[in-house]
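To start, the structure under review is shown below, and the notes come after it.
The values are calculated or read from the model by the stated rules, or taken from the named source; none is laboratory data. Only a predicted model underlies this, so the values are computations on that prediction, with no experimental measurement involved. Every residue, glycine among them, receives a Cβ derived from its backbone with ideal geometry; neighbour counts consider all protein chains shown. Side chains included, ligands, DNA and RNA excluded: accessible areas come from the protein's heavy atoms. Shrake-Rupley method; radii C 1.70, N 1.55, O 1.52, S 1.80 Å.
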Amino acid sequence: MALPRRLLGNTGLEVSVLGFGASPLGGVFQEINEAEGIASVHEAFKLGINFFDTSPFYGSTKSEAVLGKGLKDLPRDKIIVSTKVGRYGQEYFDFSAERVAFSVRESLARLQIPYIDIIQCHDIEFGSLDQIISETLPALQQLKAQGLVRFVGITGLPLSALQYVLDRVPPGTVDVILSYCHYSLNDTALQDAIPYFQEKQAGIISASPLSMGLLTQQGPPEWHPAPAELKEAAAAAAACCRDQGVDLAKLALQFAVKNPSISTTLVGMCSSDVVRTNVSAVLQALGAEAVDSSSARQEKKALEEVERILAPVKDLTWASGRPES
Ligand code: NAD
């Protein structure tokens, strides 16, 4: 069965429930093999993934460039491509109208496409939220009018920053929001904000269902910003799964995609094997692929234990951006 799709807010876009997060294509988590990265994009499309997300920030433009090489061979009208503006380095942000207009043109060239489906202001909590409202979003509306982008979004870690902007712009200015690390086994803060985003008619994209590597057997990358307490709990959850022959990443991904109010969940991928594993996990979670009953029992038991281990650190997050956001 094909990977199910869900409508993304009012955009009319039907996105696959599992989206391709392309930050790993920029070597953000580990060095990548470019040919394998390109093949993973093709494999994702073949298995029904139609939504691809990147940013000039990921690997200092490498993610966009590699994704572009992969997308070049795919039919443009069958894929939904999103990238971002405003974040270009760990400490380098520029949300000015001039920079974002130039940025979109640079992204189009790197991605080798004539238009971007969704352009998002990247990690708005690091900029001035008032500048996003008064300057960045109007500049993106102009690019929309010129046909260079179809829809506009905002992304960030603190849900309060996304809400600050949505409270202050006319309806239809922000078509989608991207929240990350807030709908996973260890953090479901997004759940309470869903009715608010729905009322604002913003499509909901949730990213990082594996909490940026915390909820994997191999563990998070060195730079992961989680507090030690959370890292320790995630490591204990991984050990518990290992002991039972269950994959923590599978449990985490399956949890994330089951919420029908979240249109798509972006997971970071850069290899065809991982694409196949993740698509299969999602199909099983949504009842579209058969599951061996003894594995299902084992996974259910492991999930209960993982939830118990993670309960003391539930919704524990970390500071991101300017103090006021
Ligand atoms: P994630 O939670 O998806 O974890 C990605 C890590 O898990 C990578 O190391 C990946 O190789 C690994 N992984 C994926 N599937 C696996 C599996 N089955 N088993 C073991 N390991 C597996 O975190 P992410 O990549 O940060 O988030 C997904 C995507 O969402 C990003 O690539 C990006 O496109 C988007 N995103 C956007 C923002 C933002 O706009 N501010 C923030 C975070 C993520």
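Some notes on this structure:
- Scanning segment 113-133 for residues that are out of contact with any Leu (no Cβ under 8 Å at 6 or more places or on another chain), open to solvent by 10 Å² or more (accessible area, probe 1.4 Å) and under 26 Å from Ile38 (Cα atoms) turns up nothing.
- Scanning segment 86-112 for residues that are farther than 24 Å from Lys72 by Cα, among the hydrophobic types (A, V, I, L, M, F, W, C) and open to solvent by less than 30 Å² (accessible area, probe 1.4 Å) yields a single hit, Phe95.
- The conditions of being in contact with a strand residue (DSSP E or B) (Cβ under 7 Å, 6 or more places away or on another chain), within 19 Å of Val267 (Cβ to Cβ), of a type outside the set (Gly, Ala, Ser) and within 16 Å of the ligand (Cβ to nearest atom) are met by Val176.
- Selection of segment 154-201 for residues being in a helix (DSSP H, G or I) and open to solvent by 20 Å² or more (accessible area, probe 1.4 Å) yields Leu159, Ser160, Gln163, Tyr164, Ala189, Gln191, Asp192, Pro195, Tyr196, Gln198, Glu199.
- Residues that are in a helix (DSSP H, G or I), under 30 Å from Asn10 (Cβ atoms) and within 15 Å of the ligand (Cβ to nearest atom) do not occur anywhere in segment 216-237.
- Selected residue (criterion: most open to solvent (accessible area, probe 1.4 Å)) from residues of segment 42-62 that are part of a helix (DSSP H, G or I), out of contact with any strand residue (DSSP E or B) (no Cβ under 7 Å at 6 or more places or on another chain) and within 26 Å of Leu283 (Cβ to Cβ): Lys46
- Residue in segment 254-264 that is under 20 Å from Val15 (Cα atoms), within 11 Å of the ligand (Cβ to nearest atom) and buried (at least 24 other Cβ atoms within 10 Å of the Cβ) present: yes
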